[in-house]
Amino acid sequence: MNDWKRGLKKGIPIALGYLSVSFTFGVKAAHGGLPVWVAVWISLTNVTSAGQLAGLELMLTGGTYVEIALSTFIINMRYMLMSLSLTQKIKRGTKKRSQAVFGFAITDEIFAVASQEDSVSRSFFAGLSTLPYIGWAVGTLIGAILGSILPDRLMSALSLAIYGMFVAIVIPEMKKSRAVVFVVLLALVLSCMFYYIPFLSRISSGITITVVAIVAAVIGSLLFPVSDDTDKE
């Protein structure tokens, strides 16, 4: 089996998972009043799950361009680290333009699969990212179409699924690490402060998300540093 087919096969489970997540994004976009083509275009040019959802939330609540750019930059910063890590496994001779495509298409799941390879060729990565990319766009399209047709009550109920997705992502990690539990609880406390304290509640949601994310992450890294010995283990 050549590299492209092998990558394509490994991308099938990721694509199936992306269908459900992007479906919820499409529903939320349509429920917020965005045209179907705009929702699909966002998915075609981003493929960033949490970053897209945060950006969409800010768009729907009247966030500024600066807030949207800053929030999505911070949320998607992990992809830069993943790209740097993956460069150590890229097959020699791979052209820079191909590496740029790697950086665009990389997601948490694609990185997890690619990082298990001894050497990542252009063909393997192309096969690995093809179906997830299509699945993300198709799921968004289906969700946006249904979102513009289904009743508002049902749309509101489906919109809650996005929060379920975040819970499903966070809870397993909280079970593994006390540091993650601390950071999540700290972010929760900070979010409540920004919501209930009169002075802080005047701050826009975009700035709030950015501040909470940075503060919780910095304090967590200072209190629970990862030692070199832990990395080696």
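The values are calculated or read from the model by the stated rules, or taken from the named source; none is laboratory data. Just so we're clear, the structure is a prediction, and the values are computed from it rather than from any experiment. Neighbour counts run over all protein chains shown; Cβ positions are idealised from the backbone, glycine included. Areas reflect the complete protein model, heavy atoms only, side chains present, ligands, DNA and RNA absent. Shrake-Rupley method; radii C 1.70, N 1.55, O 1.52, S 1.80 Å.
In table form, for the structure just shown:
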read-out: Probe 1.4 Å, accessible area per residue of segment 9-106, Å²; value: 54
read-out: The chain: DSSP helices with Cα axial extent of at least 30 Å and average Kyte-Doolittle hydropathy no lower than 0.0; value: 3-31, 122-147
read-out: Charge sum, other residues only, whose C-beta stays under 15 Å from residue 170's C-beta, Lys/Arg counted +1 and Asp/Glu -1; value: +2
read-out: Computed lengthening from residue 184 to residue 108, 0.36 nm per intervening residue step minus Cα-Cα distance; value: 25.4 nm
read-out: Accessible area per residue, Å², segment 171-224 with all protein chains present, probe 1.4 Å; value: 69
read-out: Environment charge of residue 78, counting only residues whose C-beta is closer than 15 Å and scoring Lys/Arg +1, Asp/Glu -1; value: -3
read-out: Cβ-defined net charge surrounding residue 59, 14 Å radius [Lys, Arg +1; Asp, Glu -1]; value: -1
read-out: Three-way shape call for segment 52-129 based on the alpha-carbon gyration tensor, with the a/c threshold at 1.5; value: prolate
read-out: Virtual spin-label span in nm between residue 98 and residue 134, 7 Å along Cα→Cβ; value: 2.2
read-out: Percent carbon-and-sulfur accessible area, the chain, ignoring ligands, DNA and RNA, probe 1.4 Å; value: 68
read-out: Separation of the residue 193 and residue 167 label points, Cα + 7 Å toward Cβ, nm; value: 2.6
read-out: Given charges at beta-carbon only (K, R positive; D, E negative), |dipole| of the chain in Debye; value: 640
read-out: Computed lengthening from residue 6 to residue 44, 0.36 nm per intervening residue step minus Cα-Cα distance; value: 11.3 nm
read-out: FRET efficiency, residue 201 to residue 69 (Cβ-Cβ, R0 22 Å, nearest 0.05); value: 0.40
